[in-house]
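Heads up: the structure comes next, in structure tokens.
The values are calculated or read from the model by the stated rules, or taken from the named source; none is laboratory data. What you see is a predicted model; the values in this text were computed from it and never measured. Counting neighbours? That spans all protein chains shown, and the Cβs are built from the backbone with ideal geometry, glycine included. Ligands, DNA and RNA are stripped out before the accessible areas are found, and what is left, the full protein with its side chains, is counted by its heavy atoms. Shrake-Rupley method; radii C 1.70, N 1.55, O 1.52, S 1.80 Å.
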Amino acid sequence: MGAGHGHRLHFHAHSPVHRAPAHLKVLALLGFMLLVVATPRDAYALFALEALVLLGVIAVSRVPLTYLLPRMVVELPFAVFAVLMPFISHGPRTEVLGVTVSEPGLAAGVALLVKGSIGVLASLTLAATTEPQDLLRGLQRLRMPELVVQIMGFMIRYLDVVTAELARMMTALRSRGCDPRSPRHWPLLARSLGALFVRSYERGERVHLAMLSRGYDGKLPS
């Protein structure tokens, strides 16, 4: 199941973390994330301890931080929301760097930013130390519904295909004088993304029909 090659998030190495069973790593990540979420927002010492534990795991995995940190850009929308919370929240006010902000909003924003950063970094560590097909087998061992595992496997398999098709569409648009960054061309970009969705849906229908013609009965061969 899954792609026959490593995914772009995976970092090839031979550390103990890489060799650990995938289902145990998933359980460890789930338990760690529950602990982080349950940490009171003003318990900064516990946040520091959790961050040190995570950095220790990363050090053992031999995955460079320079490999993980650029990929934390996925957290940007949550970071923006966390930065805005002190300004849009109500309650007692305090002054920070000459700016008046809400005390409850400031505490909530800092907690959200810290918890989100730890969670994203932990998830990236799992992705960097686990091959996609091993992760899918691990989810099977954890008794995740077979259909959900299959959907995830096909998502991994065709993610690069859809991304490459989107890149070709962007190249075609630029060759015709369209600048996707210009608001004037955003309607055309939206129609192109809609066309990409239709193409992806039709591809899924063709793949499903091909599977049925080859005897698919709800389970994929191991």
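Some observations on this one:
- Across every pair of non-identical alpha carbons in the range 1-106, the mean reciprocal distance, once inverted, gives a Kirkwood radius of 17.1 Å.
- Filtered chymotrypsin sites (Phe, Trp or Tyr not before Pro), the range 154-222: DSSP coil and at most 15 other beta carbons within 10 Å: TYR216
- Cα-based helix-to-principal-axis angle, 103-129 vs the chain, degrees rounded to 10: 40
- Check: the chain dipole with +1 on Lys, Arg Cβ and -1 on Asp, Glu Cβ, in debye: 700
- Restriction of the trypsin sites (Lys or Arg not before Pro) in the range 51-130 to DSSP coil positions whose beta-carbon has at most 13 other beta-carbons within 10 angstrom yields no sites.
- In range of the label at TYR44: residues from the range 96-139 whose backbone nitrogen is under 15 Å from the point 7 Å along Cα→Cβ: 96-97, 103-104, 106-115
- Gaussian network model of the chain, Cα within-10 Å springs - most flexible of PRO180, PRO104, PRO86: PRO180
- Listed residues ILE118, ILE88, ILE156, most fluctuating in the chain (Gaussian network, C-alpha, under 10 Å): ILE88
- Amide H within-cut-off set for ARG93, under 5 Å, with H built and near neighbours excluded: GLU103
- Surface listing: GLU131, GLU50 arranged by accessible area from highest to lowest gives GLU131, GLU50, probe 1.4 Å.
- Relative contact order of the chain, taken over Cα pairs closer than 8 Å and 6 or more residues apart, is 29 percent.
- At 0.890 mPa s and 25 °C, Stokes diffusion of the range 111-157 via Kirkwood alpha-carbon radius, µm² per second: 205
- The distance linking the range 153-181 with the range 13-77 is 32 Å (Cα centroid to Cα centroid, whole angstrom).
- Projected-area average for the chain over all orientations - Cα convex hull basis, square nanometres: 17.1
- Among GLY109, GLY91, GLY119, residue whose mean-square fluctuation peaks in a GNM of the chain (springs only between Cα atoms under 10 Å): GLY91
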